Amino acid sequence: MVEILNGIDYKILKKFETGPFSGMEYDSRKVKKGDIFVALEGAAFDGHKFIDMAVENGASAVIGSKEIEVNHDITYIVVKNLRQKLGVIASNFYKWPQKKLEIVGITGTNGKTTTTYLLEQILGEDKVSRIGTVEYKVGNEIIPAPNTTPESLDLIKICRKSVDRGIKYLIMEVSSHALEMGRVEMIDFDVTAFTNLTPEHLDYHKDMEEYFSAKRKLFYKTKNKENTVFNTDDFYGKRLFDEFGGISYGIESGDLNASMISHSLKTQEIELSFKEFQKKINIKLQGKFNVYNLLTAVGVAIRLGLSLEEITDRLEKLESAPGRFECIEAGQNFMVVVDYAHTADALENILSALNEIKIEKIITVFGCGGDRDLSKRKPMAETAEKLSDIVIVTSDNPRTEDPVKILDEVSKGLSSLKDSLLEIDREKAIEKAVGMAKKNDIVLIAGKGHEDYQIIGKDKIHFDDKEVALKYIQGKKL
Ligand SMILES: CC(=O)N[C@H]1[C@@H](OP(=O)(O)OP(=O)(O)OC[C@H]2O[C@@H](n3ccc(=O)[nH]c3=O)[C@H](O)[C@@H]2O)O[C@H](CO)[C@@H](O)[C@@H]1O[C@H](C)C(=O)N[C@@H](C)C(=O)N[C@H](CCC(=O)O)C(=O)O
Ligand SMILES: Nc1ncnc2c1ncn2[C@@H]1O[C@H](COP(=O)(O)OP(=O)(O)OP(=O)(O)O)[C@@H](O)[C@H]1O
Ligand SMILES: N[C@H](CCC[C@H](N)C(=O)O)C(=O)O
Ligand SMILES: [Mg+2]
């Protein structure tokens with residue numbers, strides 16, 4: 001057993017002959033016979049309290065961080081700063097699978113999920129494992145995603161499965177939380193990319209500079225500093241490019257550049273250029289922000305060694321990620337778009353794109369998550385009001401906060417309630433928006449995208465914007 005603790009300090013408090021071990025788990029509820037249970041001290045619970053449960057479920061050894069009495073015939077080993085060491089222990093246990101993969105990390109406030117989906121399509125889906133907000137895809141297996149970036153142990157397990165299934169690339173979103181909490185500590189990235197940085201998660205990071213320095217850590221973890229890709233139209237992206245070099249991209253700037261030629265309701269034409277290479281391309285992705293996402297994916301693909309011809313041949317077919325600029329169509333004469341915009345900048349981007357194609361009115365339904373960054377509530381409302389004709393403020397995962405209080409704080413960003421409604425029940429809000437939509441209007445339902453739940457208190461209740469929108473669109477036609 002001690003082989004898996006190679007390279008770290010540990011103290012054996014209890015020793016029994018056990019093994020071979022079947023796996024490692026840090027959640028007692030998931031422990032199976034023959035596993036090693038890792039007891040972590042968390043924000044809400046102390047994992048040491050679950051040692052009994054883990055042993056009942058079949059754990060044959062426990063690694064913890066506290067020198068405590070363990071009343072079971074199992075091996076118990078203590079490692080200080082255990083969460084930080086978990087990546088090394090997991091890597092030793094699973095035989096360093098990350099070294100056999102080409103690993104791509106995407107960071108930034110908005111566009112990470114979309115970029116991972118675009119890149120996956122460019123590289124070929126059967127060669128890729130994809131990790132992020134929507135799900136973890138490992139070969140053909142889909143694993144639900146509790147976090148955008150998984151805990152180090154889960155990440156190493158995904159690497160192991162990917163290698164065993166003959167996968168070549170691992171594409172992952174790297175959140176600022178994960179970088180701060182050391183979840184990717186044991187990963188050396190082959191290619192990394194930065195999308196943009198705008199206010200978000202300022203409940204967790206003290207200010208923008210701290211948020212930026214968390215994101216910046218990713219680029220120090222890139223094997224070769226040349227293999228970094230930065231949006232230099234973004235203030236923070238430019239700062240990173242000045243520090244790391246690599247590929248710069250943008251619409252206003254960048255070696256890898258796109259100029260916008262024209263757009264219609266469903267497509268846009270762009271001209272892509274990189275050094276001497278130039279090509280006009282018609283893409284099915286909508287919105288200027290998606291041109292940035294496309295550039296991020298292209299920049300990464302170049303650094304992974306694909307030729308520009310190979311890459312550009314695939315761009316016309318690319319589709320966006322689920323719940324991002326997703327049009328809900330049931331033959332109605334107005335447009336309904338479900339989108340994951342949950343920051344002021346994302347709302348600004350999706351609404352600007354919709355304003356470019358709008359004929360009549362834009363009706364926006366949105367809310368702000370509970371137990372999350374309070375400082376984004378007012379700016380989200382200001383943006384929604386500025387770029388919509390009618391705003392309906394509603395609930396979006398109130399969690400343990402009072403939804404009435406959240407709506408009240410959001411509405412502080414509205415200059416008047418003349419063209420706005422407050423409707424706490426998200427289903428009713430969507431019903432109202434669809435009900436008031438006339439020919440050629442656009443209804444934007446923002447904030448939840450792919451999510452198929454609403455978190456109220458500690459309960460997760462099934463709720464899917466797409467399903468609900470469809471129900472009322474179809475009801476309206478009858
Ligand atoms: C505040 C925070 O980040 N918490 C993360 C942290 O949980 P924790 O260790 O503090 O959990 P805890 O509930 O106190 O439990 C402590 C330990 O007891 C264990 N336990 C608990 C109960 C039990 O019955 N048995 C048991 O063994 C737990 O498995 C855990 O090991 O470690 C867990 C494993 O990595 C994460 O899933 C969890 O993320 C929570 C769910 C979360 O909401 N995180 C957010 C803030 C987050 O990380 N977000 C980012 C970015 C989002 C984005 O922009 O897209 C992300 O990457 O997702
Ligand atoms: N490049 C971009 N710049 C600005 N806004 C964007 C960009 N790409 C997408 N958006 C907006 O942000 C929303 C979220 O996009 P996406 O899910 O791709 O981002 P993300 O970085 O993965 O977000 P999260 O941190 O929540 O996982 C989209 O629904 C869209 O409204
Ligand atoms: N991953 C982000 C997305 C939030 C999406 C929104 N629906 C909300 O619940 O606030 C977060 O956890 O802050
Ligand atoms: Mg994401």
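Every read-out reported here was derived from the displayed coordinates using simple, explicitly stated rules and does not represent laboratory data. All figures in this text were calculated on a predicted structure; none of them were measured in a lab. Cβ: placed from backbone, ideal geometry, glycine included. Neighbour counts: every protein chain shown.
Key figures for this structure:
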{"read-out": "Simple label model, 7 Å out from Cα along Cβ direction - E360 to S415, nm", "value": "2.5 nm"}
{"read-out": "Eligible lysines near K476 by straight Cα distance, threshold 17 Å, same-chain separation 8 or greater", "value": "K428, K432, K438, K439, K466"}
{"read-out": "Among 9-21, 128-140, the order from most to least packed when residues are scored by Cβ within 10 Å on average", "value": "128-140, 9-21"}
{"read-out": "Angle in degrees between helix 208-220 and the longest Cα principal axis of the chain, rounded to the nearest 10", "value": "60 degrees"}
{"read-out": "Cα-based helix-to-principal-axis angle, 288-303 vs the chain, degrees rounded to 10", "value": "40 degrees"}
{"read-out": "Rounded to 5, percent antiparallel among DSSP beta bridges of region 326-475", "value": "25 percent"}
{"read-out": "Out-of-range pairs (alpha-carbon distance over 24 Å; input K157/K221; K32/K95; K217/K280)", "value": "K217/K280"}
{"read-out": "Listed peptides 330-336, 224-230 by packing density, highest first (mean Cβ within 10 Å)", "value": "224-230, 330-336"}
{"read-out": "Integer Hz, Karplus 6.51/-1.76/1.60 couplings in order for region 366-373, x for Gly and Pro", "value": "7, x, 10, x, x, 6, 9, 2"}
{"read-out": "Cα centre as origin, Lys/Arg/Asp/Glu Cβ charges: region 11-83 dipole, Debye", "value": "200 debye"}
{"read-out": "Dipole of the chain [Lys/Arg +1, Asp/Glu -1 at C-beta], most positive-end residue of L294, I350, L306", "value": "L306"}
{"read-out": "³J(HN,Hα) computed for each position of region 34-50 - Karplus, 6.51 cos²θ - 1.76 cosθ + 1.60, integer Hz, glycine/proline x", "value": "x, 7, 9, 9, 9, 8, 9, 8, x, 6, 9, 10, 9, x, 4, 5, 9"}
{"read-out": "Estimated 222 nm signal from helices in the chain, with DSSP H stretches of n ≥ 4 weighted -39500 (n - 2.57), rounded to 500", "value": "-10000 deg cm²/dmol"}
{"read-out": "Built amide H within the under 5 Å cut-off of V443, gap 5+", "value": "M335, V336, V337, I363"}
{"read-out": "Sorted by Cβ neighbour density within 10 Å, fewest at the top, the residues M1, M208", "value": "M208, M1"}
{"read-out": "Size of charge dipole - the chain - debye, nearest 20, with Cβ of Lys, Arg +1 and Asp, Glu -1, no other charges", "value": "560 debye"}
{"read-out": "Charge-dipole axis of the chain as Lys and Arg at +1 and Asp and Glu at -1 on Cβ define it, positive-most pick from G370, F277, I74", "value": "I74"}
{"read-out": "Listed residues I89, G250, G132: farthest to the positive end of the dipole of the chain (Cβ charges)", "value": "I89"}
{"read-out": "E56 versus A330: modelled label distance in nm, points set 7 Å from Cα along the beta carbon direction", "value": "4.6 nm"}
{"read-out": "³J(HN,Hα) computed for each position of region 462-475 - Karplus, 6.51 cos²θ - 1.76 cosθ + 1.60, integer Hz, glycine/proline x", "value": "4, 7, 10, 3, 5, 4, 5, 4, 4, 4, 7, 5, 5, x"}
{"read-out": "Rounded Å value of the spacing that divides the Cα centres of region 147-169 and region 67-81", "value": "28 Å"}
{"read-out": "Distance from region 290-339 to region 188-245 (C-alpha centre basis), Å", "value": "22 Å"}
{"read-out": "Simple label model, 7 Å out from Cα along Cβ direction - Q278 to K317, nm", "value": "2.8 nm"}
{"read-out": "Antiparallel content of DSSP bridges confined to the chain, in %, to 5", "value": "35 percent"}
